[in-house]
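Read-outs throughout are calculated quantities, based only on the coordinates presented, and are distinct from any laboratory measurement. Computed from a predicted model, the values in this text were never measured in an experiment. Cβ: placed from backbone, ideal geometry, glycine included. Neighbour counts: every protein chain shown.
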Amino acid sequence: MRNLLVLLHRYLGLATAIFLALAGLTGSVLAFHHELDEWLNPQFYQTDRATTARLDGPELIERFEASQPQRLVWYLEQPDEPGHSALLATVPRTDPASGQPYALAPRVFYLDPADGRVLGEREWGACCFSRENLVPFILEFHYNLSLPGNWGILLMGLVAILWTLDCLVSLWLTLPRGRPFWRKWGKAWQIKRQRLNHDLHRAGGLWLWLLLTPVAVSSVAMNLPAEVFKPLVSLFSEVPLSTYEARGRLPKDELGELRLDHRQAYRLAREEGDRLGLHAPVTELYYSFEYNFFGAGFGDHASDQGNAWVFVDGEDGRVIGREIPGVGTLGERFYQLQLPIHGGRILGFPGRVLIAVLGLAIAVLSVTGVVIWWRKQRARRFAIRRRAAQSSSGLADTPS
C-alpha cells in the first residue's frame with residue numbers, strides 16, 4: 001500500500017509541479033495586487049481631490065455613455081476610500097447600420113467619482129510586462145494561464161483536484177511505520193543541512209499542511225464550482241445553484257429580453273437590499289449579457305468576507321437571487337468562505353501576508369519535489385550502468 005502511495009505522490013507531484021510553481025509565484029504577488037497596481041499606475045486610481053462626494057453608479061454610467069456612445073458599460077465599481085477612482089468596464093455597442101459591434105476593443109476606464117471625468121483607460125488582461133499591463137496580466141494568468149475560452153480554467157481546476165489529493169497522500173506518507181510513533185514522526189518535522197532539499201520538501205509540506213490543503217480545496221471551488229465542488233459538498237449539506245448556474249440551465253427564450261437600464265436595476269436592487277437589512281451602499285453593479293440579469297454588490301468588495309449581492313431579472317426586474325455572507329445552509333456558507341480563504345482576506349491583512357509567503361513556499365515545494373525525483377532517477381541510472389559494467393567485467397574475466 002505504501003509503495004503505491006509513494007508512486008501516486010511522485011507522479012501527482014510531477015504532473016502538477018510546473019502549474020503549482022507558476023500559481024504559487026503569481027499568487028504571492030496577487031495577495032497585494034490592488035496595492036501593487038496602484039503603486040505602478042497611480043494615474044488610474046488617484047484623483048486630484050480627496051472628497052467623499054460622488055455620483056451614484058447609474059449617474060456615472062449615464063454620463064460616460066453619453067460622452068462615448070459607441071461603448072456600452074457592463075460593470076461598475078465604486079471606490080472604497082476618498083480620493084480614489086471609480087472603474088467602468090466596457091464593450092463596443094452594436095452598430096445599427098451594420099448590425100455588427102463597432103471596431104473597438106473592450107476597455108476599462110477610470111473615472112473621478114465626483115464628476116465622471118475620465119482619468120485613464122486600458123485593456124484589461126493585455127500582455128504582458130509594462131506598468132499598465134503587469135498586474136492585470138498576472139491576475140488573468142493565475143486564474144486561467146491566459147488560455148482561450150474555458151480551457152485554462154478547466155486545466156487549473158484539474159490541477160487543483162490533483163493537488164488536493166496529493167496533500168492527503170503526502171500527509172499519510174509522513175506517518176511512520178512502527179513505534180514509538182511520536183518520536184519517529186518527529187523526525188519528519190526536522191530540516192537538516194545534510195538533507196536540505198529532501199527535508200525542505202517533506203518538513204516544509206508538513207509544517208504548512210494546514211494552510212496548503214484549504215488553499216488547494218479553495219482552488220477547486222473557484223475553478224470547478226458546479227462541476228466538482230458543490231456536488232461534493234452537497235453530499236453533506238445542500239449548496240444552492242448560483243444565479244449564473246440557474247440561468248445557464250434555462251432555455252434561451254426563457255431568459256427574456258433586456259428592458260431595464262442600469263438605473264432601474266440599481267433602484268430595484270437597492271429596495272431589496274433595504275428589505276434585507278443591507279444598508280451599505282451599492283459599490284458594484286454589472287449586467288450579464290449572456291444570461292440577462294443585473295447584479296448589485298453592497299458594501300466593501302475588498303472586505304474579509306466579501307460583499308452581499310442581489311440579482312434582478314433584466315426583463316421584468318424581479319429578484320432572482322441573493323448571496324449574503326454568513327447566510328444560508330452550512331454548505332452554502334462553506335462555499336462562500338472559499339474566495340476569502342484563497343486570497344487570505346478571511347484573516348485580514350495578516351492573512352494576505354500569509355498567502356504571499358505561502359505562494360513562495362508552494363513554488364519551493366514544487367521545485368524541491370522535482371529535484372528529489374531527478375536525483376533518484378540519476379541514482380537509478382547510475383546503479384543500472386554500474387551493474388551492467390560489473391556484469392560485463394565478470395564475463396570478460398571468465399576463462400574460455
Self-check item: Dimensionless Rg/Rh of segment 137-257 - Kirkwood Rh, Rg from C-alpha atoms
Solution: 1.15
Quiz item: P(r) for segment 8-59: what percent of alpha-carbon pairs falls in each 5 Å bin, starting at zero?
Solution: 4, 15, 12, 13, 13, 10, 8, 7, 6, 5, 5, 2
Exercise. Can you pull the one-decimal nm distance between simple spin-label points at Leu14 and Gln377, each 7 Å off the Cα toward Cβ?
Key: 0.6
Quiz item: Which lysines does Lys252 reach when only Cα atoms under 29 Å apart count, and residues fewer than 8 places away in its own chain are ignored?
Solution: Lys230
Practice problem: Compute the longest continuous run of the chain that contains no exposed GluC sites (Glu not before Pro); treat a site as exposed when its DSSP state is not H, G, I, E or B and it has at most 16 other Cβ atoms within 10 Å. | Solution: 1-122
Self-check item: Convex hull per residue volume in Å³, alpha carbons only, for the chain
Solution: 230
Quiz prompt | Loop-exposed chymotrypsin sites (Phe, Trp or Tyr not before Pro) per DSSP, neighbour cap 13 Cβ within 10 angstrom, longest uninterrupted part of the chain | solution = 1-128
Quiz prompt | segment 254-294 - convex hull of the alpha-carbon atoms, volume per residue in Å³ | solution = 76
Practice problem: Two decimals is fine: what's Rg over Rh for segment 1-100, C-alpha atoms, Kirkwood radius as Rh? | Solution: 1.27
Quiz item: Quick one: if the Förster radius is 60 Å, what FRET efficiency do Arg177 and Arg249 give, using the C-beta to C-beta distance and rounding to 0.05?
Solution: 0.75
Quiz item: Alpha carbon centre of segment 301-356 versus segment 1-53: separation in Å?
Solution: 19
Quiz prompt | Proximal charge balance of Leu224 [Cβ under 15 Å; K/R count +1, D/E count -1] | solution = -1
Quiz item: At q = 0.20 Å⁻¹, what base-10 log of I(q)/I(0) does the Debye formula yield for segment 169-240 when every alpha carbon is treated as an equal point scatterer in vacuo?
Solution: -0.85
Practice problem: Put one equal scatterer on each alpha carbon of segment 247-400, apply the Debye formula with no solvent term, and list log10 I(q)/I(0) at q = 0.09, 0.13, 0.19 1/Å to two decimals. | Solution: -0.52, -0.78, -1.14
Exercise. Would you kindly state how much longer the chain becomes between Arg107 and Arg131 on full extension, computed as 0.36 nm times their sequence separation minus their alpha carbon distance, in nm to one decimal?
Key: 7.0 nm
Quiz item: trypsin sites (Lys or Arg not before Pro) within segment 1-89: which are DSSP loop residues with at most 11 other Cβ atoms inside 10 Å?
Solution: Arg49
Quiz item: Using the C-alpha atoms of segment 241-328, what convex hull volume per residue, in cubic angstrom, is computed?
Solution: 91
